[in-house]
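The structure appears right after this line, and notes come after that.
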Amino acid sequence: MSYIEFENLSKKYNNAEKYALKNIDFNIEKGEFVVILGPSGSGKSTLLDLICGFEDITDGEIRIDSKIINNIEPKNRDVSMVFQNYALYPHLTAYENIAFGMKIRKENKKEIDEKVKWAAKILKLEECLKSKPKNLSGGQRQRIALARAMVRNPKCFLMDEPLSNLDAKLRNSTSNEIRNLHNELKATTIYVTHDQVEALSMADKIVILNNGEIQQIGTPFEIYNNPSNVFVATFIGRPQINLFDVYIDEDSIFFGESIKFNKPKEFNSLNKGKYIIGLRSEDTIKVENDNEDFIEASVEKIEYLGSETIFYLSNNEMKFTLKDYGLNNLKIGDKINIGFKFDKANIFDRLTKQNIRSK
Ligand code: ADP
């Protein structure tokens, strides 16, 4: 039995035409850091609201620690939410904000003090406990919101886009802090974001939602390398994965009208037919040897990112990207010969858009 279980969970808002969540079925183990990832409107906040009890469940069940929580009062669910806008009381100091819930619950004063100081130490907030939120930075405010959740010692932390109000530098450091905090506390965490980089860098396990349905559940490695369908393949990874409509027969792969590659041995099991091939920009390579299959393409745009460079390439029939760590001598308009690492390719059914290749 898992620590948190979602069984056929569905939600339809009153007056809504379609379901916001449909048959959500997955488990979370104790101590896992699970990221719910999806575009806007995919159902991420609805899922959090159902866990908190802010919204009623239409169908299905949520169990935490083997207890069905569907009808338990929100305040008794033993989950702590960290909101994206921090939701701090402006007239209270950091200390009072962190202690607020415990004070309301009339916990012992000495214990409250110990807990606040424990959380402040872990989150490096000791210096700002006497300050009010308006005198603190965005990062400090977010850490106070985390501390307030921590002192409740909940069964599960729920985090709703906690980094979205921070600037790029703070996002990075706060994301590291949240992950370090998790490594230290091992508290079960459900973290919602629309940002695939955040998901890949933070999650033990990612659950990808689209249109209220789970698209894939897996580790960041599995999701990046073996996306279950075209939606996941394109949602994860920047630049976006290269997708090619191809026709494959006994011996060849045809890209468009005139480009033909020998069929690689990795594709031997595929029946003759039309497919979509997905190749990431790092699996597009410059070919030096004329004996190999290649496409001649010209450089249309160059994005220099420091440690790596993204080349936007095109020929008459297709456009695609190549990521490289060298090749700094290329310039716009140059022509290069391009090959592909077909052993890394994902192959999708043209109609269902599902990945049909397990690597
Ligand atoms: P996300 O958090 O991924 O952006 P939401 O959970 O907010 O997605 O929304 C999922 C779907 O449910 C969307 O189609 C949205 O319009 C709809 N929805 C969200 N809240 C309500 C509501 N209170 N009433 C009706 N529809 C809602």
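Most fluctuating residue of Leu243, Leu125, Leu270 in a GNM of the chain with Cα springs under 10 Å: which is it?
The residue with the greatest mean-square fluctuation here is Leu270.
Grab the beta carbon distance between Asp167 and Thr352, set R0 = 41 Å, and tell me the FRET efficiency rounded to 0.05.
0.50
Once every DSSP H run of n ≥ 4 in the chain is given -39500 (n - 2.57) and the sum is divided by its residues, what mean residue ellipticity at 222 nm do you get, rounded to the nearest 500 deg cm²/dmol?
-7000 deg cm²/dmol
Note down the magnitude of the dipole of segment 93-219 about its Cα centre, charges +1 on Lys and Arg C-beta and -1 on Asp and Glu C-beta and zero elsewhere, to the nearest 20 debye.
Charge dipole of segment 93-219: 680 debye, to the nearest 20.
Hey, can you rank 44-50, 58-64, 298-304 by average C-beta count inside 10 Å, highest first?
So the peptides 44-50, 58-64, 298-304, ranked by packing, come out 44-50, 58-64, 298-304.
Tell me, how many Å apart are the Cα centres for segment 265-312 and for segment 194-259?
Taking the Cα centre of segment 194-259 as reference, the centre of segment 265-312 is 16 Å away.
If you take the beta carbon distance between Asn328 and Asp249 as r and set R0 to 30 Å, what does 1/(1 + (r/R0)^6) give as a FRET efficiency, to the nearest 0.05?
So the FRET efficiency works out to roughly 0.15.
If one takes the longest principal axis of the Cα atoms in the chain, at what angle in degrees, from 0 to 90 and to the nearest 10, does the Cα axis of helix 94-104 lie?
Between helix and principal axis, roughly 60 degrees.
Against the longest alpha carbon principal axis of the chain, how many degrees, from 0 to 90 and to the nearest 10, is the axis of helix 109-122 turned?
That helix lies at roughly 20 degrees to the long axis.
Share of antiparallel DSSP beta bridges in the chain, in percent to the nearest 5?
Just about 75 percent of them are antiparallel.
Multiply the residue gap between Lys134 and Glu317 by 0.36 nm, knock off their C-alpha separation, and tell me the result in nm, one decimal place.
Full extension of this stretch gives 60.3 nm more.
Count the net charge of all other residues whose Cβ sits under 15 Å from the Cβ of Ala119, scoring Lys and Arg as +1 and Asp and Glu as -1.
0
Using +1 on the beta carbon of Lys and Arg, -1 on that of Asp and Glu, and nothing else charged, what's the dipole of the chain about the Cα centre, debye to 20?
1600
Tell me the net charge near Ser175. Cut-off is 10 Å between Cβ atoms, Ser175 excluded, with +1 for each Lys or Arg and -1 for each Asp or Glu.
With Lys, Arg at +1 and Asp, Glu at -1, the neighbours total -1.
Taking H placed 1.01 Å from N in the peptide plane, check which residues at least 5 places from Leu209 or on another chain put their amide H under 5 Å from its amide H.
Leu37, Gly38, Gln215
All of the numbers you see were taken from the coordinates with simple rules; none came from a lab. Source: prediction; values computed, not measured. Using ideal geometry, Cβ is built from the backbone for each residue, glycine included, and neighbour counts are taken over all protein chains shown.
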